[in-house]
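Below: one structure, written as structure tokens.
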Amino acid sequence: MKVNITIDGIKLKVDDSLTVLEAALENNVYIPNLCHHKDLIPSGSCRLCLVEINNRKVQVIACKIKVEEGMTVITDNPEINFIRQMTLELLHVNHTQDCTNCMKNTNCQLQEVTSYIGTNETRIEQMRKNRPLIPVDTSNPFFNLDHNKCILCGICIRTCNEIQGVDALQYGYSGFDTLVCTFLNKPIKESVCESCGECVVRCPVGALIPKNMQRPSRTVKTICPYCGVGCGINLGVRGEKIVSIEGDYESPVNKGRLCVKGRFGYEWINHDERLKTPLIKKAGKFVESGWDEALELIAKNFSKYKSHEFATFSSARCTNEENYVIQKFTRAVMGSNHIDHCARLCHAPSVAGLAQSIGSGAMTNSIKEISDAASIFAIGSNTTESHPIIGLKVKEAKWNGAKIIVANPRKIDLCKFADIWLQHKTGTDVALLMGICRVIVDKNLIDESFIEKRSENFDAFKRSLKEFGLDYVEKITGVPAKQIEAAAEIYASNSPASILYAMGITQHTHGTDNVLAISNLALLTGNIGKLSSGVNPLRGQNNVQGACDMGALPVVYPGYQKVADPKAKQKFEKAWNCKLSDTPGLTLTEIVNSAYNKKIKALYLIGENSLLSEPDANHVRKSLQKLDFFVAQDIFLSETARLADVVLPAASFAEKDGTFTNTERRVQRIRKAINPVGNSQPDWWITCQIAKKMNRKGFDFKNSEEIFNEVALLTPSYKGISYKRIEKEGLQWPVNDEKHKGTPVLHKDVFPTASSKAKFFPLKYRPPAELPDKQYPLILTTERSLYHYHTGTMTRRVDGLNQLNERELVEINPVDAKTIGVNDGDKVCVTSRRGNVDAVAKITNKSPAGTVAMSFHFFESPTNVLTNPALDPVAKIPELKVCAVMIEKG
Amino acid sequence: MEKELNKILSSFQGKSNELIPALQQIQEELGYLPGDAMLYAAEFLNVPESTVFGVASFYAQFRFTPVGKNMIMVCKGTACHVKGAEKVLDEISRQVGIEDGETSADMQYTLESVACIGCCALAPCITINSEVHGRLNAKSIEKIFKRKKAEEKTNE
Ligand code: SF4
Ligand code: SF4
Ligand code: SF4
Ligand code: FES
Ligand code: FES
């Protein structure tokens, strides 16, 4: 509602949700302030925003008072300024007078208020205490904290509490000694701080300040290249270099917030080791070559192979346009459907499972809806670490009163925010979820009308629940029956309820069953197809959703049109003007095996580092070595690219135009900020050149927009999207035509299945393929670190991220550590049936007894040498989350 | 440690408003607030660890280092100050070999200056554990500590 107020005689109509300070600032009336920030709850601590209200001669603080109808406000008079000046002088007494050497100079709010209010230097000098300077805390690799400049406004403390939910900082000590403190006033790096930098961007003075602060000469709006959240960023460019990143406040995804990788992880873009020219292996050594030579060599060789001997690994790091071109090349030029990408290792079960049950394998809801859910069930997702900005949304939901259920074998950070933490044994998800379903059915908490109107196969499913009595479930999962009951009740009786899940669900030999169990649970309570209510697989890579959408999969063309469907085949044959194969291709893991058996002879690998990302890495290495002809295209010479015959230098995300589709199906523009480094080229350009060298038509694209227009023509869900429409803000598919506004919530009225109904699936519990035994007594599960991304090709080349997490740590429970006889920080050797890896032990209660955890970011400790390549029979995803290992002191 | 803390906090319910009494209880039992104990309290009371430290460091009553067997408090209140508290502190410091705020390596003594302890008539005065010593001068101080040290010897 709007109200009428008068500020300094100016009549204004303002929203009644505003404070007096906000109303003034919004209307370009300056009121001095230091502790106010638009993202934070007002604290009223600096006491500079004094005003007089309704002609009463008392001064009140404007940031704490809401506007009211008829209010009159006076923002300045001699009394007000006198008090402000006193307060301000006290701040100066404790502030180093060193503006010219301060990086915040000319951009500092203390300077701003001082120039407005004015101070009396003599008075300040009289009051000044000669306390010794406090040493600057330089421990964090990305920013410093200089207490001598801190004005104790509390903005950093409130940011870390209200926005980040980390609470690394608090006021410590008292009186004149008051400081912004971490626990025990230790250096920031040793605290729980996650280095997100949110406090740094909000500090009004030069107290919290980035270490390497170069002002950019221009900024370019684009999308973070790391995870599937797809945060909006502004790249700061100076000359040909990226010198800063800031969060994009206009982005509907992150509203300006970023995690540590997104904000600080850009050093790799201009890194010396970037590939700058094509490399051809001659007599076992790479020799630099020109583009023409390399492309001709590739064209000549690729032409030699029959379609079933050729395979492509596309990349979820690349743009939609590039994935489209790459799959078009594989299918139209090479006649092969052997194309796949790393989605096989992450959400293949979601694509396969959810397609059967609810018709589509994508998130049913938007990221921003998460904070409005009444309950959230996060299973197999270490949300705060793997999808940090979505993690913030879960915390926000909690603060809004939502009930949070976390199911995870490990004591992840999110457990702190959970109402119930179900610590089930690794790989027992089906039993746990079916147990919860059983409780919901037994207690009759089901949504009968939804089940009747919108689903099928309920009775068969209900029968299969018989097996999952709580005694049985408790025995398998290790979770007390009482907790299972409580979780079921919370989920079923707090609607809208949203399920979030990730690799902990999918990377199993029963990954598809896990996914089906999740959709069963959502259907049972009708928690799908509504705002804040649905099934949400959190996608991993920046563009893994897009790579799937573009048909970089062996069984589908763009838009999930099946290669085996004659109609789809005909459509694409006509569009691409060629004959296509209707035999579904091999999956990533199968391609590796076929290379081993010499059935696949030539491989075109783009932006994948299979030696670190796939299970049983030794086997992958042997397989790739058996290839006749192997082309790798990447931004760095990855461990895998070293095995190639030809290596092609690709441009990074900062050097090209295109689109990424994030985990909530939002198609967003990325923009070229600098020229490709050296002689590198965008991936789409490279693939098109190879096609042209092979004399194929249909690859004459002048820019990425032309490619996108072809995508929109052939992909129904992208039909209504154009670069023009997503210039400012991305759209969420399906976008059915040029007028359609996109689809934040899927399945509102019908499910995109044959019957238009969702389907229940009866399930049985199957244990993981490899369980601990005498020789290999521990379960190894894999996880991710907040500070690194995937195989570390990018983040390991960012000095500061390395400092925050420098090596592989095997997280071991104290009980197991005792049995093995290792201490925190000891070198250990981890061995499975497939190989062994050296790493360093970290003793922690995060891991339950009997289970250890490792990431796979470090080439020195290639965890995937250990993991089990056993596959889920439907989705062909390997069981990366469970294998049996033993640990010895190294 | 964990078992001990569990016992110390057994009478608390785990609510955030119990923070100050819980810290007092810990200090009562352990003599000071070790870092691990504060972390334990943080988790038990569901309060951020930074808040636990913030609150604990705000109040002068809490200490973060262990105290010696003998807690020496030297009064620096007005009366004692006028009567030479500074000299008293220096002398004690010489006797036990530690500065204000420190604890001796053998964990026998902790030396701390404090505000008025309410025995102004006896100024300058100190307390050692619960005994008050007043009207001090260099000689009497030397005597006190000689006796203390002798006691220690016999105790051994
Ligand atoms: S460090 Fe900056 S944001 Fe934090 S209290 Fe000090 S001045 Fe405010
Ligand atoms: S960088 Fe982030 S986590 Fe660290 S103190 Fe600042 S807001 Fe908190
Ligand atoms: S949450 Fe993901 S997309 Fe957002 S800044 Fe972090 S890595 Fe980038
Ligand atoms: S801005 Fe209102 S008190 Fe600081
Ligand atoms: S001033 Fe020392 S006891 Fe009062």
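Read the figures in this text as sums done on the coordinates, not as results from a lab. Nothing here was measured: the structure is a model prediction, and the numbers come from that model. Every residue, glycine among them, receives a Cβ derived from its backbone with ideal geometry; neighbour counts consider all protein chains shown.
Here are the numbers:
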| quantity | calculated |
| --- | --- |
| Using distinct alpha-carbon pairs, which all enter the 1/r mean, Kirkwood radius of the range A:778-889 in Å | 14.3 Å |
| Sparse-neighbourhood loop sites, trypsin sites (Lys or Arg not before Pro) in the range A:592-645 - DSSP loop, at most 16 other Cβ within 10 angstrom | A:598, A:599, A:626 |
| Angle between chain B longest axis and helix B:49-58 axis [Cα atoms, degrees, rounded to 10] | 30 degrees |
| Ranking of A:127, B:73 by count of other Cβ atoms within 10 Å, fewest first | A:127, B:73 |
| Residue-count net charge about residue A:701 - beta-carbon cut-off 14 Å; Lys, Arg +1, Asp, Glu -1 | -2 |
| Residue-span extension gain [residue A:775 to residue A:304] - 0.36 nm each, minus C-alpha spacing | 164.8 nm |
| Cα-centre dipole for the protein assembly as shown with unit charges at Cβ (Lys and Arg positive, Asp and Glu negative), debye to 20 | 1980 debye |
| Residue B:2-residue A:675 pseudo-label distance in nm [points 7 Å out on the Cα-to-Cβ vector] | 6.0 nm |
| Cα gyration tensor shape of the range A:11-70, rounded if a/c is under 1.5, else prolate or oblate by comparing a/b with b/c | oblate |
| Vicinal HN-Hα couplings computed from phi for the range A:444-455 (Karplus, 6.51 cos²θ - 1.76 cosθ + 1.60; Hz; Gly/Pro x) | 6, 9, 6, 9, 4, 5, 4, 4, 5, 7, 10, 9 |
| Residue mean of other protein chain beta carbons inside 10 Å, A:33-42 | 0 |
| Stretchable slack from residue A:277 to residue A:57, in nm (0.36 nm times residue separation minus alpha-carbon distance) | 71.9 nm |
| Amide H contacts of residue A:555 (H built 1.01 Å from N, under 5 Å, at least 5 apart or other chain) | A:585 |
| Gyration tensor over alpha-carbon atoms, chain A, equivalent ellipsoid semi-axes in Å | 47, 33, 30 |
| For residue A:659, distant residues with modelled amide H under 5 Å away | A:320, A:321, A:670 |
| Label-point separation in nm, residue A:702 to residue A:86, each point 7 Å along Cα→Cβ | 7.1 nm |
| Spatial separation of Cα centroids for the range A:834-871 and the range A:792-830, in angstrom | 9 Å |
| Positive minus negative residues near residue A:63 (Lys, Arg vs Asp, Glu; Cβ under 10 Å) | +1 |
| Residue-wise HN-Hα coupling along the range A:862-870, computed from phi with Karplus coefficients 6.51, -1.76, 1.60 (Hz; x: Gly, Pro) | x, 3, 6, 5, 8, 5, 8, x, 4 |
| Among the listed pairs A:276/A:672; A:261/A:889; A:300/A:562; A:149/A:398, those beyond 26 Å (Cα-Cα) | A:261/A:889; A:300/A:562; A:149/A:398 |
| The range B:70-149 - percent relative contact order, Cα under 8 Å, separation 6 or more | 38 percent |
| Gain on full stretching of the segment that runs from residue A:123 to residue A:628 - 0.36 nm per residue minus C-alpha separation | 173.6 nm |
| Reachable lysines from residue B:139, criterion Cα separation under 25 angstrom, eight or more residues apart if same chain | B:69, B:76, B:83, B:87, B:148, B:149, B:153 |
| Nearby lysines by direct alpha-carbon distance to residue B:3 (threshold 20 angstrom, same-chain neighbours under 8 apart not counted) | A:818, A:846, B:15 |
| Whole-Å distance, taken between Cα centres, linking the range A:74-120 and the range A:30-52 | 14 Å |
| Reachable aspartates and glutamates from residue A:13, criterion Cα separation under 15 angstrom, eight or more residues apart if same chain | A:22, A:26, A:68, A:69 |
| Inter-label distance, nm, simple model (7 Å from Cα along the C-beta direction), residue A:138/residue B:79 | 5.1 nm |
| Mean-position separation - Cα centroids, the range A:425-468 and the range A:330-355, in angstrom | 30 Å |
| Local net charge near residue A:506, Cβ-Cβ under 13 Å (Lys/Arg +1, Asp/Glu -1) | 0 |
| HN-Hα J in Hz across the range A:460-466 - Karplus 6.51, -1.76, 1.60, θ = phi - 60°, x for Gly and Pro | 4, 4, 4, 4, 5, 6, 3 |
| Chain B - charge dipole about Cα centre, Lys and Arg +1 at Cβ, Asp and Glu -1, debye rounded to 20 | 780 debye |
| Förster-model FRET efficiency, 51 Å R0, residue B:99 and residue A:100, C-beta, rounded to 0.05 | 0.85 |
| Residues whose placed amide H lies under 5 Å from that of residue A:769, excluding near-sequence neighbours | A:509 |
